[in-house]
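Student: For reference, the structure I am asking about is given below.
The values are calculated or read from the model by the stated rules, or taken from the named source; none is laboratory data. All values reported here derive from a predicted model rather than from experimental measurement. Neighbour counts are summed over all protein chains in view; Cβ atoms, including those assigned to glycine, are modelled from backbone coordinates with ideal geometry. The area values use the complete protein model at the heavy-atom level, side chains included, leaving out ligands, DNA and RNA. Shrake-Rupley method; radii C 1.70, N 1.55, O 1.52, S 1.80 Å.
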Amino acid sequence: MKYNFSAGPAILPKEVFQEAAQAVMDYNGTGLSLLELSHRGPEFTAILKEAVRLPLEILGLNKEEYQCLYLTGGASSQFYMTAMNLLKDGYKGYYLDTGTWSAKAIKEAKLFGEVEVLSSSKDEGYNYIPKTAYSTSGNGYLHYTSNNTIFGTQYHHLPAHENLDLICDMSSDIFSRPLKGKDYGIIYAGAQKNLGPAGTTLVIIKKALLGKINGGLTSMLDYNTHISKNSSFNTPPVFPIYVSLLTMQWIIKNGGVDAMEKRNQEKADTLYAEIDRNSLFKGFAAKEDRSIMNATFTISNKDLELSFLEECTQAGIVGIIGHRSVGGFRASIYNAMDIEGINKLVEIMQAFEAKNK
Ligand SMILES: *Cc1c(COP(=O)(O)O)cnc(C)c1O
C-alpha cells in the first residue's frame, strides 16, 4: 500500500485509474482503445461534450456566458496566453505575487504589455498571503494564484478586484471547494494536480472578455480559435481530457465540491494539528493562510530530515519531500487523498517523535 503525497503529477481516485486503464484496453466495448479512436469520431465527441459541460455545472456557470477549453502547453502557457490575448493600451495586467508560479506569470506578461504588481509576499519567502490594500485604475485584469503549491499558502477569500476582470491560476486547488464561478473572467488549471493526468490545461473563459482579445495572434495562441473550434482546432489531448472527465464524474458522485471541501478541510485540520503539536516539526505557512491542498512543514533538527524521509518510505509514504525552494516536507493532500493517508502520516510523525525525543 502506497500513500502518494506528490505535488503533481499526483494521486487520482482509484476508480478513475481503473476505468482509465479499461478504456485504454477497450473503450466502452468498441473493441478499440481510447488511444486509437479518432478525435472527431462519435465516442470522443461525446467525451468532449461532457468534459466541457461538467466544469461549468460544477462552478454554477452557463454556456451562454462561459466556455470551457482544454488546451496544451501546461498552466505555464496560460501565463503568456492570458497576457498576449488581453493586454493592450489602456488595459493593464495587475498581479498579486504570492510565489514561484505568480512570479513566472508576471515575468511572461511583461513581454506583452503594461504590468503592475499590486502586492507581494516575497519579503518573507512567500510564507503568507499579502493583505495590504491596493488601488488600481479599474481597467484591466487582476491575476492571482489561488493556491501556492510550492509554499503551501492559499487564498481563503477573493482578493479585492473592483471593476477588474479576475484571472485565476487554480492549478492546484480547482474543484477542491465551492466557489462562485461568476466572479471570474478566466480560470485556468493544469490538470495534473487535482484534476487528471499531465497533458491538458482546463481554461474557463467568460465570453464577454472575447471582445477584449487582440487580433493578429497566431491561431494556436488565440483563445478565439479554440473557442470557435471547441478545443479541436488541432488534435486535443484525448486521454488527459477523458481522465479529467472521469475525475469530475467521481467528484459529483461523491457529493460534489461541497463534500470535497468538507473532506479536504478535515484532512488538513488533522494534519496541521499534528504539525503544531509535534515538537519536531514546524509549519511553514502563516496559520491563517494555510493551504488545504499542500501542507508545508520543516523539521527543527535538520539532521533528522533524511531519517524521517526514510521512515516515511518504509511506511509506504511517497512524494513528501519539500520543494527545493522551501526545503523540509510537503504533503499534497488533493481531493483523491483520503483520511486514511493522513492518519498514516500522522502515525509516522508521532512514532518518529517518540523515537527522537
Ligand atoms: C504546477 C503549477 C503550474 C505549472 O503547471 P504546468 O502545467 O507544469 O505548466 C502553474 N501554476 C500552479 C499554481 C502550479 O501548481
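Student: Taking into account only those residues within region 1-29 that are in a loop (DSSP other than H, G, I, E, B) and loosely packed, with under 15 Cβ neighbours inside 10 Å, which is nearest to the ligand (Cβ to nearest atom)? First the steps, then the outcome.
Tutor: The initial filter retains those residues of region 1-29 that are in a loop (DSSP other than H, G, I, E, B), namely 1-2, 5-13, 26.
Next, from what is left, pick out any that are loosely packed, with under 15 Cβ neighbours inside 10 Å: 1-2, 26.
Numbers: M1: 27, K2: 22, D26: 30 Å.
Within region 1-29, the match that is nearest to the ligand (Cβ to nearest atom) is K2.
Student: Filter region 317-335 for residues that are closer than 23 Å to N254 by Cβ and open to solvent by 20 Å² or more (accessible area, probe 1.4 Å) and give the result. Steps first, please.
Tutor: From region 317-335, those closer than 23 Å to N254 by Cβ are 319, 331-335; that's our starting set.
G319 - this is the single residue of region 317-335 that is closer than 23 Å to N254 by Cβ and open to solvent by 20 Å² or more (accessible area, probe 1.4 Å).
Student: Which pairs do you get when a residue that is over 15 Å from Y188 (Cβ atoms), found in region 131-155, comes within reach of a residue that is in a strand (DSSP E or B) and among the small types (G, A, S), reach meaning Cβ atoms under 7 angstrom, with the pair 6+ apart or on two chains?
Tutor: Final answer for the pair search is T132/S119; Y134/S119; G140/G93; G152/A295.
Student: Follow-up. Before we move on, is I252 hydrophobic (A, V, I, L, M, F, W, C), more than 18 Å from A191 (Cβ to Cβ) and touching a Leu at 6+ places or on another chain (Cβ under 8 Å)?
Tutor: Spelling it out, it is not the case that I252 is hydrophobic (A, V, I, L, M, F, W, C), more than 18 Å from A191 (Cβ to Cβ) and touching a Leu at 6+ places or on another chain (Cβ under 8 Å).
Student: Only residues that are under 26 Å from V326 (Cα atoms), away from the ligand (no atom under 12 Å from the Cβ) and within 17 Å of the chain's Cα centre (by Cα): list them for region 130-166, please.
Tutor: H156, H157, L158 - these are the residues of region 130-166 that are under 26 Å from V326 (Cα atoms), away from the ligand (no atom under 12 Å from the Cβ) and within 17 Å of the chain's Cα centre (by Cα).
Student: Taking the condition of a type in the set (F, W, Y), surrounded by fewer than 22 Cβ atoms within 10 Å (Cβ to Cβ), more than 16 Å from the ligand (Cβ to nearest atom) and touching a residue at least 24 places away in the same chain (Cβ under 8 Å), does Y91 pass?
Tutor: yes
Student: Now, a different point. Does region 89-109 hold any residues that are within 23 Å of N224 (Cα to Cα) and in contact with a helix residue (DSSP H, G or I) (Cβ under 8 Å, 6 or more places away or on another chain), and which are they?
Tutor: Hits for region 89-109 are Y91, G93, A105, E108, A109.
Student: Going by what's in this entry, would A198 be described as within 15 Å of the ligand (Cβ to nearest atom), open to solvent by 40 Å² or more (accessible area, probe 1.4 Å), over 20 Å from I129 (Cα atoms) and modelled with pLDDT of 95 or more?
Tutor: yes
Student: When you scan region 330-348, do you find a residue that is within 28 Å of the chain's Cα centre (by Cα) and modelled with pLDDT under 95, even just one?
Tutor: No, there is no match, as no residue in region 330-348 is within 28 Å of the chain's Cα centre (by Cα) and modelled with pLDDT under 95.
Student: Condition (residue is within 17 Å of the chain's Cα centre (by Cα) and farther than 14 Å from L86 by Cα) applied to region 204-213: is it met by at least one residue?
Tutor: Checking region 204-213: at least one residue is within 17 Å of the chain's Cα centre (by Cα) and farther than 14 Å from L86 by Cα.
Student: If I go through region 36-80 residue by residue, how many of them are within 28 Å of D173 (Cα to Cα) and either part of a helix (DSSP H, G or I) or within 16 Å of the ligand (Cβ to nearest atom) (or both)?
Tutor: 28
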